[in-house]
Amino acid sequence: MIPTVQGPSFNRPGFRFVTLAKYHNKECRLVSFDFSTEQSYILEFGHLYIRFFMDRGQISDAGNPYEVVTTYTETELTELQFVQSNDVLFIVHKNHLPAKLSRTGHTSWTLTNISFIKQYFPSTSMLTTSGFDNFNATYCSDEKYSTKAWDNNTDGVSEWMQIDTGVDNKKEFTRIELYIEGAALNASYAIQYYNDLTSLWVNAALDWNLSIEPLGWVKKEWDSVGAWSKWRLYKTNAAATGGDVMEVEFYELGIPKEWGTGKYPSAVTFFEQRLWLAYEQTVWASKSGDFYNFTMGINANHAMEYTLAAQQVNKIQWFASGKILAIGTAGGEYKVSASALDDAITPLNLRIVKQSSIGSDYREPIPIADIVLYLQRSKKKIREFTYNTLEEKYSSPDMTVLARHLFLSDVKYMMYQQEPFSILWCIMADGVLLGFTYQRLEGITAWHQHITDGAFGSGACSYGKNGNNMLWVAVNRQIGGITKKHIEFLEEPYDGNDINNDDGCFFVDSGLTYNGQATTLVSGLGHLEGKQVAILANGFVKELQTVVDGQVTLDAPATIVHVGLPYTSILQTMRIEMQDAEGTSQGRKKRINQCVFRLYKTKQFKYSTTPTSHAKEVVFDSLFTGDKEVDFFTGWDREGYVTIINDKPLPVGIVAIIAEVGVS
């Protein structure tokens, strides 16, 4: 059952089958990619590949699943961390250079390593020119051209400015920036390098038309062409008038010297227009608004590097970006901020202050409103990183303290489904799915457990229809003695209308729906071959059947048929507590004489004291909303449980349980 924020509990919808994962004998990981509410994807990361899903189905190209090749192995999938900016997904792992997955269309995705850059500061002796009027090296100070370098009143083609770094100091430039004053430069340039092997100048970039560039800083970037000792800015037209170039900056490929295989950043986020990366105890933040530029300095927009000062060397596990930037390490949780409350972070005011000493696992945390839910280092507790006004710092209360019996296994993945339920979903290492109904502002939290015929392996949430979010899962199911990995998604919750519709009353797992002309034969069920399945045909529950040759046969023609694995929904109350003249009822014998079940859109259900005791069934002629009074013919016990069970593919909504109880 799913307890909702509003109070009632409903049996969960079923999981609809989409397709099989690429490999049934290897792990995969599902990741969300939300370009917008209208263009939302689920990515299947597997051993050396990515596949893609959208609009409740798999994306194909020429009849085959669209796929991108990667270098990420099966054993590395759980430690991948992601952050998205528009149509680019940034990916980090300690064994790989940070990478980006870029989308330009449904079947157009590109995975590349990020080309990080840093500014190169040449001496003026490296610079020579030909034909640049008024160029004067005395205007240029060593390591920076910070005053007027030249004006553009040149009238010829093939004029150039050249930088020679020396054969023992070759540079792999990929960007040049100019600062223009007065007026636009009426000139076009190429960027060229001198090939020592062929003794020829070769174009790295062409057709840089500066006449259409604005005043101020302008830049030209190009793909890497290797490291060379001579580069030049080469004029390709004969324009004679224009503004002045006041500053020139050269940028080469480069990464922090600490990075390397096994030591690449393993945590990533965006905060205050910077890309933040971390490995072990060191944090790097890019230049403001320039995500790939890690030029360090003291200006407000320069990149930053900071190593945490702590008594223990505890690895940075994650970032969480919101109103503040939070850092989780294996030994504690930290707040990143400027020294003044409302200031932006700069290299001169960066402060990282420890807030708690709990310790975090490397699984990515889940930001919800202004709170962060994160997994403790033990992998068995989920904590809430939230501001404590009494202590005037952030604290980490345990969200699992009242549900310890559900956390005997480790938490493997977490994902948040904002609508329609506001649930944090947790996939456990033993294959169980846990849900955490969470609405902290209203003080509502509730754990619930969901079991299927199989083992949940991975999951992610994306935008769905009707303003809802969709939970996607990869599930290991035993089919014909072989473990098959199914990709499925949780259907929309029951809408309270006619139970004979194609997706609003879907209560089977790994299920499919037939919607067409009346038929007695439902096929296309090969993914459930040999399994016993539940069937809802035109709103009527049919006997369980076994799938043979990918099909089942109905006893009467039907137009809308849901077929899939059955599952049982159970709601059990806590022990009843009543105060009377003798005090608490705990430990005393109790007997439930009658119950009133307040129901919503319910067709049938069973009730009993416990899930394993004898249950009585209630069946309505049509969907029932209201109070249903029933007698309990049970003996005396010390618990006073009330249990509701639904093992049919039909909706059940429990608004309240009102019991008449006798206490000895």
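The values are calculated or read from the model by the stated rules, or taken from the named source; none is laboratory data. Just so it is clear, the model here is predicted, and its values are computed rather than measured. Glycine also receives a Cβ, built like all others from the backbone with ideal geometry; neighbour counts cover every protein chain displayed. These area figures cover heavy atoms from the full protein model, side chains too; ligands, DNA and RNA do not enter into them. Shrake-Rupley method; radii C 1.70, N 1.55, O 1.52, S 1.80 Å.
I need the full set of residues from the stretch 302-314 which are touching a residue at least 40 places away in the same chain (Cβ under 8 Å) and of a type outside the set (A, V, I, L, M), in order please.
HIS302, GLU305, TYR306, ASN314
Counting only residues that are open to solvent by less than 10 Å² (accessible area, probe 1.4 Å), within 21 Å of ILE316 (Cβ to Cβ), touching a strand residue (DSSP E or B) at 6+ places or on another chain (Cβ under 6 Å) and not in a helix (DSSP H, G or I), how many does the stretch 70-101 have?
Summing the residues that are open to solvent by less than 10 Å² (accessible area, probe 1.4 Å), within 21 Å of ILE316 (Cβ to Cβ), touching a strand residue (DSSP E or B) at 6+ places or on another chain (Cβ under 6 Å) and not in a helix (DSSP H, G or I) in the stretch 70-101 gives 8.
Could you list all residues from the stretch 615-658 that are of a type in the set (Ser, Thr, Tyr) and open to solvent by 30 Å² or more (accessible area, probe 1.4 Å)?
SER622, THR625, THR634, TYR641, listed by residue number.
Among strands (runs of 3 or more DSSP E) lying entirely in the stretch 304-370, which contain 2 or more residues that are under 30 Å from GLU442 (Cα atoms)?
So the answer is 316-321, 325-329, 333-338, 350-356, 366-368.
Specify which of the listed residues (LEU20, LEU43) is touching a Phe, Trp or Tyr at 6+ places or on another chain (Cβ under 6 Å) and in contact (Cβ under 8 Å) with a residue 12 or more places away in the chain.
Going through LEU20, LEU43 in turn, just one is touching a Phe, Trp or Tyr at 6+ places or on another chain (Cβ under 6 Å) and in contact (Cβ under 8 Å) with a residue 12 or more places away in the chain: LEU43.
Within 15 Å of the chain's Cα centre (by Cα), among the β-branched types (Val, Ile, Thr) and either buried (at least 21 other Cβ atoms within 10 Å of the Cβ) or over 30 Å from LYS171 (Cβ atoms) (or both): which single residue out of THR37, THR19 fits that description?
On inspection, the qualifying residue turns out to be THR37.
Have a look at GLU660, GLU629, GLU617, GLU639 and point out the one that is assigned to a loop (DSSP other than H, G, I, E, B) and not small (Gly, Ala, Ser).
GLU639
Looking at LEU434, is it open to solvent by less than 50 Å² (accessible area, probe 1.4 Å), modelled with pLDDT of 95 or more and either over 20 Å from PHE489 (Cα atoms) or among the acidic types (Asp, Glu) (or both)?
So LEU434 does not fit the description; no.
Output the strands (runs of 3 or more DSSP E) that fall wholly within the stretch 412-517 and possess 1 or more residues being of a type in the set (Val, Ile, Thr), in contact with a helix residue (DSSP H, G or I) (Cβ under 9 Å, 6 or more places away or on another chain) and under 22 Å from ARG29 (Cβ atoms), or say none.
Correct list: 469-479.
Mind counting the residues in the stretch 480-512 that are among the polar types (S, T, N, Q) and surrounded by 20 or more Cβ atoms within 10 Å (Cβ to Cβ)?
1
Only residues in the stretch 478-492 that are farther than 16 Å from TYR23 by Cα count as the first member; pair them with residues that are outside any strand (DSSP E or B) and open to solvent by less than 20 Å² (accessible area, probe 1.4 Å), Cβ under 6 angstrom, at least 6 apart or cross-chain, and list the lot.
Going by the 6 Å Cβ cut-off, the qualifying pairs are LEU490/PRO13; GLU491/PRO13; GLU491/GLY14; GLU491/PHE506.
Pairs needed: first member in the stretch 585-600, in contact (Cβ under 8 Å) with a residue 24 or more places away in the chain and in a strand (DSSP E or B); second member anywhere, among the hydroxyl-bearing types (Ser, Thr, Tyr) and surrounded by 15 or more Cβ atoms within 10 Å (Cβ to Cβ); C-beta distance under 8 Å; at least 6 residues apart or different chains.
Once the first residue is in contact (Cβ under 8 Å) with a residue 24 or more places away in the chain and in a strand (DSSP E or B) and sits in the stretch 585-600, its partners that are among the hydroxyl-bearing types (Ser, Thr, Tyr) and surrounded by 15 or more Cβ atoms within 10 Å (Cβ to Cβ) give ARG591/THR634; ILE592/THR609; ILE592/THR634; CYS595/TYR607; PHE597/TYR607.
In the stretch 104-119, which residue that is in a strand (DSSP E or B) and surrounded by 19 or more Cβ atoms within 10 Å (Cβ to Cβ) is modelled with the highest pLDDT?
Taking the candidates together, the pick is TRP109.
Check whether at least one residue in the stretch 440-448 is touching a residue at least 40 places away in the same chain (Cβ under 8 Å), open to solvent by 10 Å² or more (accessible area, probe 1.4 Å), more than 24 Å from LEU402 (Cβ to Cβ) and of a type in the set (Lys, Arg), and report yes or no.
Within the stretch 440-448, not a single residue is touching a residue at least 40 places away in the same chain (Cβ under 8 Å), open to solvent by 10 Å² or more (accessible area, probe 1.4 Å), more than 24 Å from LEU402 (Cβ to Cβ) and of a type in the set (Lys, Arg).
If you go through the stretch 314-327 one residue at a time, do you hit one that is open to solvent by 60 Å² or more (accessible area, probe 1.4 Å), out of contact with any Cys (no Cβ under 9 Å at 6 or more places or on another chain) and hydrophobic (A, V, I, L, M, F, W, C)?
Within the stretch 314-327, not a single residue is open to solvent by 60 Å² or more (accessible area, probe 1.4 Å), out of contact with any Cys (no Cβ under 9 Å at 6 or more places or on another chain) and hydrophobic (A, V, I, L, M, F, W, C).
Go through the stretch 167-255 and tell me which strands (runs of 3 or more DSSP E), entirely inside it, have 3 or more residues that are among the aliphatic types (A, V, I, L, M) and modelled with pLDDT of 90 or more.
Where strands (runs of 3 or more DSSP E) fall fully within the stretch 167-255 and carry at least 3 residues being among the aliphatic types (A, V, I, L, M) and modelled with pLDDT of 90 or more, they are 200-209.
Hey, among ASN293, ASN301, which residue is at pLDDT 90 or above, open to solvent by 20 Å² or more (accessible area, probe 1.4 Å) and under 38 Å from the mean Cα position of the chain (by Cα)?
Of the residues listed, the single one that is at pLDDT 90 or above, open to solvent by 20 Å² or more (accessible area, probe 1.4 Å) and under 38 Å from the mean Cα position of the chain (by Cα) is ASN301.
Does LEU571 meet the test of being within 30 Å of GLY640 (Cβ to Cβ) and not in a loop (DSSP other than H, G, I, E, B)?
yes
Determine whether the stretch 232-247 contains at least one residue that is within 30 Å of LYS335 (Cα to Cα) and either in contact (Cβ under 8 Å) with a residue 24 or more places away in the chain or within 42 Å of the chain's Cα centre (by Cα) (or both).
no
Looking at TYR279, TYR334, which is the one that is within 23 Å of GLN376 (Cβ to Cβ) and open to solvent by 30 Å² or more (accessible area, probe 1.4 Å)?
Only one candidate passes the filter, namely TYR279.
Among residues belonging to the stretch 449-467 that are over 19 Å from PHE407 (Cα atoms) and under 16 Å from the mean Cα position of the chain (by Cα), point out the one that is surrounded by the fewest Cβ atoms within 10 Å (Cβ to Cβ).
For the stretch 449-467, the residue satisfying everything is TYR463.
Given (1) assigned to a strand (DSSP E or B); (2) within 26 Å of GLU305 (Cα to Cα); (3) modelled with pLDDT under 95, identify the lone condition not met by TYR387.
Of (1) assigned to a strand (DSSP E or B); (2) within 26 Å of GLU305 (Cα to Cα); (3) modelled with pLDDT under 95, only one is false for TYR387: (2).
Kindly establish whether LYS531 is in contact with a Phe, Trp or Tyr (Cβ under 6 Å, 6 or more places away or on another chain) and either surrounded by 12 or more Cβ atoms within 10 Å (Cβ to Cβ) or of a type in the set (Gly, Ala, Ser) (or both).
In short, no.
Any residue at all in the stretch 135-153 that is at pLDDT 75 or above and either aromatic (Phe, Trp, Tyr) or over 23 Å from PHE271 (Cβ atoms) (or both)?
No: the stretch 135-153 contains no residue that is at pLDDT 75 or above and either aromatic (Phe, Trp, Tyr) or over 23 Å from PHE271 (Cβ atoms) (or both).
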